[in-house]
Amino acid sequence: SGEAALSVLYSKSISIVISDIRMPGMDGIELVKKARRIVPDVQCIFITGYGGRKIAVEATKLGGFSYLQKPLSIDELIVAIWKAQEKLDLLRTIQTMKEEKKNKEQLVIQQIRNVIFDIMNISVRYWELSSRKTKVALAEESGIWTAMLDKDVGCYRTRTMDRYLKISTIPKNPNYNKVLNTGSFVLRKCPHDYPDLEKQLKTK
C-alpha cells in the first residue's frame with residue numbers, strides 16, 4: 001500500500017520507487033507526491049493494468065520516470081530500473097557540481113572580503129600614523145567617504161567607511177573602487193619615509 005511505502009521511505013534510504021497506480025487507499029500518484037517531499041530526487045516507475053494517455057501524462061508530470069503497463073516482463077522492469085538509476089546518477093552528479101561551484105564561489109568571495117579588510121585597515125593605520133590625523137579627516141580630505149555628525153555624541157563619524165573595517169560588516173556587494181581609491185589616496189598623500197612606520201604598523 002501507499003501508506004506502507006511511505007513508512008519505508010521515512011526509515012530507509014530509497015532511490016527508486018516502483019508503484020502500482022491503482023491501489024486501495026492512497027493511489028500511486030498521491031504516493032509519488034508525498035514521496036518527493038521525503039526524497040526530492042527519488043525516481044518513480046509506475047505499473048498499471050489500466051491504460052490511458054491521461055494517466056501516463058499525469059505520472060510523467062509528477063516525475064515518473066517510466067510508465068509500464070501490465071502484463072510486463074522482468075526484462076522490461078530491469079531496463080526501467082537501469083534507466084531510472086542512470087537518471088538518478090546524472091541528477092546527483094549535476095547537484096554535486098553545483099555544490100562544488102557554490103563552495104568555490106563562496107571561498108573566492110571570502111578571500112576578496114579579506115583583501116578588502118586588509119586594504120582598508122592598513123590604509124587607515126598608515127594614514128593615522130603618517131599624517132597624525134583621524135579617519136574622519138581621511139574621509140573628508142579624500143572625498144571618497146562621508147563623515148556625518150552624530151548628534152548623540154556630538155562628533156563626526158564615518159559609518160559607511162567603518163563597515164569596511166570589519167569583515168563581518170563589509171556589504172554584500174562592496175564598492176571595490178572606493179576601497180582601492182582609499183589605498184591610492186593614502187599612498188599619494190602620506191610620506192613614504194615616515195620613521196619607524198613599518199614597526200608601528202606591526203605592533204599597533
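So how many residues does segment 2-19 have that are surrounded by 14 or more Cβ atoms within 10 Å (Cβ to Cβ) and not hydrophobic (A, V, I, L, M, F, W, C)? Explain how you work it out, then say what you get.
In the first step, residues of segment 2-19 are kept if they are surrounded by 14 or more Cβ atoms within 10 Å (Cβ to Cβ); the result is 2, 5-6, 9, 14-19.
Checking the rest, the ones that are also not hydrophobic (A, V, I, L, M, F, W, C) come to 2, 15, 19.
Result for segment 2-19: 3.
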Hits in segment 9-34 - residues which are closer than 19 Å to ALA80 by Cα and out of contact with any Ser or Thr (no Cβ under 6 Å at 6 or more places or on another chain)
ILE14, SER15, ILE16, VAL17, ILE18, SER19, ASP20, ILE29, VAL32
Residues in segment 185-195: is at least one aromatic (Phe, Trp, Tyr), within 22 Å of GLU105 (Cα to Cα) and at pLDDT 90 or above?
no
Selected residue (criterion: most open to solvent (accessible area, probe 1.4 Å)) from residues of segment 20-41 that are assigned to a helix (DSSP H, G or I) and of a type outside the set (A, V, I, L, M, F, W, C)
ARG37
Considering GLU198, GLU105, which residue is open to solvent by 60 Å² or more (accessible area, probe 1.4 Å) and at pLDDT 85 or above?
GLU105
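Please go through segment 119-134 and pick out each residue that is part of a helix (DSSP H, G or I) and open to solvent by 80 Å² or more (accessible area, probe 1.4 Å).
Step one: list which residues in segment 119-134 are part of a helix (DSSP H, G or I), which gives 119-131.
Result: ILE122, single match.
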Does THR93 satisfy being more than 23 Å from VAL42 (Cα to Cα), open to solvent by less than 100 Å² (accessible area, probe 1.4 Å) and in a helix (DSSP H, G or I)?
no
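Would segment 26-48 turn up any residue that is under 22 Å from LEU90 (Cα atoms) and of a type in the set (Phe, Trp, Tyr)?
Of all residues in segment 26-48, those under 22 Å from LEU90 (Cα atoms) come to 32-33, 35-46.
Still in the list and also of a type in the set (Phe, Trp, Tyr): 46.
Among the residues of segment 26-48, at least one is under 22 Å from LEU90 (Cα atoms) and of a type in the set (Phe, Trp, Tyr), which makes the answer yes.
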For segment 163-177, which residues satisfy the criterion of being more than 14 Å from ASP118 (Cα to Cα) and either charged (D, E, K, R) or open to solvent by 100 Å² or more (accessible area, probe 1.4 Å) (or both)?
LYS172, ASN173, ASN177
Residue ID - modelled with the highest pLDDT, chosen from residues in segment 43-81 that are open to solvent by 60 Å² or more (accessible area, probe 1.4 Å) and of a type in the set (Phe, Trp, Tyr)
TYR67
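The values are calculated or read from the model by the stated rules, or taken from the named source; none is laboratory data. Remember, predicted model here, so these are calculated numbers, not experimental data. Backbone-built Cβ (ideal geometry, glycine too); neighbour counts: all protein chains shown. Keep in mind that these areas ignore ligands, DNA and RNA; they rest on the heavy atoms of the full protein, side chains included. Shrake-Rupley method; radii C 1.70, N 1.55, O 1.52, S 1.80 Å.
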